[in-house]
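The values are calculated or read from the model by the stated rules, or taken from the named source; none is laboratory data. Being a predicted model, the structure only gives us computed values, none of them experimental. Here the Cβ positions follow ideal geometry from the backbone for every residue, glycine too, while neighbour counts run over all protein chains shown. The area values use the complete protein model at the heavy-atom level, side chains included, leaving out ligands, DNA and RNA. Shrake-Rupley method; radii C 1.70, N 1.55, O 1.52, S 1.80 Å.
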Amino acid sequence: MQPAFPTISKIAYEGKESRNPLAFKHYNPHEIVEGKTMRDHLRFAVVYWHTFRGMGSDPFGPGTAVRPWDDGSNSVANAQKRARVAFEFIEKLDAPFYCWHDRDVAPEGKNLRETNKNFDAVAKVLKVEQKRTGIKLLWGTANLFSNPRFVHGAGTSCNADVFAYAAAQIKKALEVTHDLGGAGYTFWGGREGYMTLLNTDMKRELDHLAKLLHMAVDYKKQIGFKGQFYIEPKPKEPTKHQYDSDAAACLNFLREYDLLPHFKLNLETNHATLAGHTMQHELEVAGAAGALGSIDANTGDELLGWDTDQFPTSIYLTTHTMLAILKYGGLTTGGVNFDAKVRRESFEPVDLFHAHIGGMDAFARGLKIAAAIRKDGRLAQFVKQRYASWDTGMGAKIEKGRTTLKELETHMLKQGEVAPNVSGRQEFLENLINEFI
Ligand code: XUL
Ligand code: CO
């Protein structure tokens, strides 16, 4: 096959003085940070859906992307060719992982049997390409939202047959993920939510969703798939209210239905923003629960209120993200997955490279800055000191659960007033972060 990107060779690290747009200025895969290579810290992944299927359409017009290798047809042969192009791209980018939805990689057939056959035919090529390049599958997932059959949701549909179809699709996607040696499998509840409560039995829908996830956990065991399961929170879009609205809601759902031991969270930056949170907040909520699994790295637009899925370029964002990830022990099964798309106006193939290189460099800088802040130690020391009253005396007693309201009353009656509070020093800390950026 002719190369799809004939003028582009493997993207190399050239250092921050380089002015070559097709080089890394900060991402040096072999550089050691906190005892691990940058490659192993960041575990970058390229998404199949935006990068190889996104054509840039929006509600006001069709796609604009120029993709000379794609004949625009829904044939299996075109899908197989696209798979080879995908691997040429990921290999040239030097990213170690990729992710897909079942329907990104292979076209739907006229019924489930034919659809599965198409999927197998393309998965075969993916397997050969994985082997040839050493690129691995970070996670697979089933698209349970695009086909009109999922108009009322999948696991939460009012129609039991739709639930059954979703179950069949998950079963197959799990088998293929397993066969391709996937490190994980993600559940994003595409249309698992509601547009109006007037027609919705919420409790019943949530019970069904939990049943579906339990079946997936059982099947995972049955086939011996050892990858990590993730839930990806998102508050809205496409539905007005998505059940997996944010990290806290997901954790609550997983706990309520005894699913927490089997899942971690895959947190997406723009989804956090849509939920009215920062990514930092979502990472803290997941991390504190021992459920920080993976991230979908992107960003929204300050002026737009929808899921714009832009490539991350803000060093503040990547610094805060990496500070939280390092704090909770780093990414193990998960990765930094670019669930992001080039703008409709950036329609040339080379723009795919600019976008990913920028995101990878932004994360490399975030990682190095976060590591420097941690090495400096003043930030962590400040937080530790702020809670010093809990380390000894009455504070320690409360934390250990060895006191009562009565004893605390006696304590305060004796003391009369609290020891003076100290400043939170937010501006001082913001300046401290800036020292490193
Ligand atoms: C949708 C989204 C999905 C999931 C996988 O906003 O983020 O692409 O990452 O289904
Ligand atoms: Co995502």
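Some observations on this one:
- DSSP-defined antiparallel bridges as percent of all bridges, the chain, nearest 5: 20 percent
- Cα Rg over Rh - the stretch 1-144, Kirkwood: 1.01
- The stretch 371-421: GluC sites (Glu not before Pro) in DSSP loop, at most 10 other beta carbons within 10 Å: GLU417
- Distance between the stretch 413-437 and the stretch 1-64 - C-alpha centres, whole angstrom: 41 Å
- Ellipticity at 222 nm from helices only: DSSP H runs of n ≥ 4 in the chain, each -39500 (n - 2.57), divided by the residue count, give -14000 deg cm²/dmol.
- Whether the stretch 394-436 is rounded, prolate or oblate, judged on the alpha carbon gyration tensor where a/c under 1.5 counts as rounded: oblate
- The stretch 29-376: C-alpha gyration tensor shape, a/c 1.5 cut-off, then a/b vs b/c: rounded
- Ranked from largest to smallest solvent-accessible area, with a 1.4 Å probe on the protein heavy atoms, LEU408, LEU352 come out as LEU408, LEU352.
- Protein-only accessible surface order, largest first, of ASP296, ASP179 at 1.4 Å: ASP179, ASP296
- Computed from backbone phi, the HN-Hα couplings of the stretch 244-255 come to 8, 5, 8, 4, 5, 5, 5, 4, 4, 4, 4, 5 Hz, rounded to whole numbers (Karplus: 6.51 cos²θ - 1.76 cosθ + 1.60, θ = phi - 60°; Gly and Pro given as x).
- Rolling a 1.4 Å probe over the protein heavy atoms leaves MET202 with an accessible area of roughly 80 Å².
- Environment charge at THR115 (Cβ cut-off 11 Å; Lys +1, Arg +1, Asp -1, Glu -1): +1
- Expressed per residue, the C-alpha convex hull volume of the stretch 132-177 stands at 77 Å³.
- Computed from backbone phi with θ = phi - 60° and the Karplus coefficients 6.51, -1.76 and 1.60, the 3J(HN,Hα) list for the stretch 98-109 is 8, 9, 9, 9, 3, 7, 6, 7, 9, x, 6, x Hz; x is used for glycine and proline.
- Protein heavy-atom accessible surface, 1.4 Å probe, per residue over the chain: 49 Å².
- Two-decimal log10 I(q)/I(0) for the stretch 217-313, as the Debye equation yields it once each C-alpha is a single scatterer, q = 0.19, 0.20, 0.23 Å⁻¹: -0.88, -0.95, -1.15
- Ranking VAL176, VAL76, VAL128 by solvent-accessible area of protein heavy atoms (1.4 Å probe, all protein chains present), from largest to smallest, gives VAL128, VAL76, VAL176.
- Förster radius 35 Å - calculated FRET efficiency between LEU304 and ASP161, Cβ distance, rounded to 0.05: 0.40
- Sulfur and carbon atoms: percent of accessible area, the stretch 394-436 [1.4 Å]: 54 percent
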